[in-house]
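The values are calculated or read from the model by the stated rules, or taken from the named source; none is laboratory data. Just so it is clear, the structure is predicted and the values come from calculations on it, not from any experiment. No Cβ is skipped: glycine too gets one built from the backbone with ideal geometry, and neighbour counts run over all protein chains shown. Quick note on the areas: whole protein, heavy atoms, side chains included, nothing else; ligands and nucleic acids left out. Shrake-Rupley method; radii C 1.70, N 1.55, O 1.52, S 1.80 Å.
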Amino acid sequence: MADKKRFTSSRKLDHLRICAEEDVESGDAGFSDIRFVHNALPECDMGSIDLRSRFLGHTLSSPLFISAMTGGHPGTKEVNARLARAAERCGIGMGVGSQRAALENPALADTFAVVRSEAPHAFLVANLGVVQLRDHGVEWAEQAVEMIGADAIAIHLNFLQEAIQPEGDHDATGCLDAIGDLCRSFKTPVIVKETGCGISAATARKLWGAGVRAIDTGGWGGTSWAAVESVRARESRNARDHTLESLGGDFAAWGIPTVVSLAEVLATGGPVIASGGIRSGLDIAKGLAFGADLCGMALPLLKPAMESYETLGAAIDAIHRELVVSMFLTGSAKIADLRKVSLQITGRTRQMIEKDNPARIK
Ligand SMILES: Cc1cc2nc3c(=O)[nH]c(=O)nc-3n(C[C@H](O)[C@H](O)[C@H](O)COP(=O)(O)O)c2cc1C
């Protein structure tokens, strides 16, 4: 058990290093198939564009959400602290990475708790894997929320990663019931998120039925956990793990592109966070115009956060500038206006949406 705990924690550092140094992105989230219709007479003042957004009863200064990434090893604390400081300064929401390591070993709790001390007013989201929820029940979810004074908890689904990890959990039975039990007994809102493979309409319907309050697409086209685990397998000294390297490579193309997943989930309800392969403020504008409530970014914020707080701040400012310019050029003085502008959707994304969600491409 002690080895297992140490392993959960050291894996967190492996993930940060691999995501920062290796090419771990795969596919196409679909944003390049979306174009705005340029408004040559926008009739609004770019200097007073209002990015404020509502989500689960909270008002955020912008729809940019820092997706769940880290915590769980002493070496990750500073990255979480920088992300949280930026969330506080910008008035944006932030998720922490899976809190499993700190629930197994409370000595690591400060690598997560630091986010609340750095961001006393921010909208913060706790994080737990669905398998840990099933195995440890509501008690772990309560502890995770308490650890960071969270405003919501995200339960993550990552069965592609589990299938490729040598130490992965391969039994996915009982997970929907566990989510339902949590939603029934918990006052804190429950969000369910994927981690790079997207959520279909059929899965979304089950999740709303279980009582979740929001869904985060975590779609395909950005960070690929098949790619990350493939690198870990390649680096392993254990020959058995080397077969997992090619398994990871084979499944890097597996998943529902983010824009397609967004169409699927929106057809069933909301609110929805679009995430997975969102790489600019323009992508955020497209996600919002398509119907998302917030747009989450992980990898593009990780690299600057590992460098310095100043680099992270500059990256967030650049994303916001792109969002503001996109809003200006569509004549959108506020987020609600952006939701009304028309979009041109082409290519493979159009083909994939047309069949099941034709209303979304009108
Ligand atoms: C280094 C790293 C660690 C992550 N750890 C978690 C995690 O612990 N829990 C989780 O729900 N998602 C985790 N994710 C997934 C992200 O929240 C997000 O769903 C995914 O990376 C897609 O977004 P992106 O393409 O902008 O990176 C992690 C992502 C990165 C890059």
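Residues of region 117-128 that are touching a helix residue (DSSP H, G or I) at 6+ places or on another chain (Cβ under 6 Å) and not in a helix (DSSP H, G or I): ALA119, ALA122, LEU124, ALA126, LEU128.
Taking ALA289 as the residue in question, decide whether it is farther than 25 Å from LEU83 by Cα, open to solvent by 60 Å² or more (accessible area, probe 1.4 Å), assigned to a helix (DSSP H, G or I) and touching a residue at least 24 places away in the same chain (Cβ under 8 Å).
Numbers: farther than 25 Å from LEU83 by Cα: yes; open to solvent by 60 Å² or more (accessible area, probe 1.4 Å): no; assigned to a helix (DSSP H, G or I): yes; touching a residue at least 24 places away in the same chain (Cβ under 8 Å): yes.
No; evaluated as a whole, the condition is false for this residue.
Of everything in region 147-195 that's among the β-branched types (Val, Ile, Thr) and not in a loop (DSSP other than H, G, I, E, B), which residue is modelled with the lowest pLDDT? My answer is ILE164. If you go through region 165-193 and pick out every residue that is farther than 18 Å from ALA154 by Cβ and either open to solvent by less than 30 Å² (accessible area, probe 1.4 Å) or of a type in the set (Lys, Arg) (or both), you end up with 2.
Identify all residues within region 227-282 that are open to solvent by 20 Å² or more (accessible area, probe 1.4 Å), in a helix (DSSP H, G or I) and in contact with a strand residue (DSSP E or B) (Cβ under 7 Å, 6 or more places away or on another chain); write none if there are none. Passing the criteria: only LEU266.
Which residue, of ALA298, ALA305, ALA315, ALA333, is in contact with a Lys or Arg (Cβ under 6 Å, 6 or more places away or on another chain) and open to solvent by less than 50 Å² (accessible area, probe 1.4 Å)?
ALA305
In this structure, GLU43 does not qualify as under 18 Å from GLY296 (Cβ atoms) and away from the ligand (no atom under 16 Å from the Cβ).
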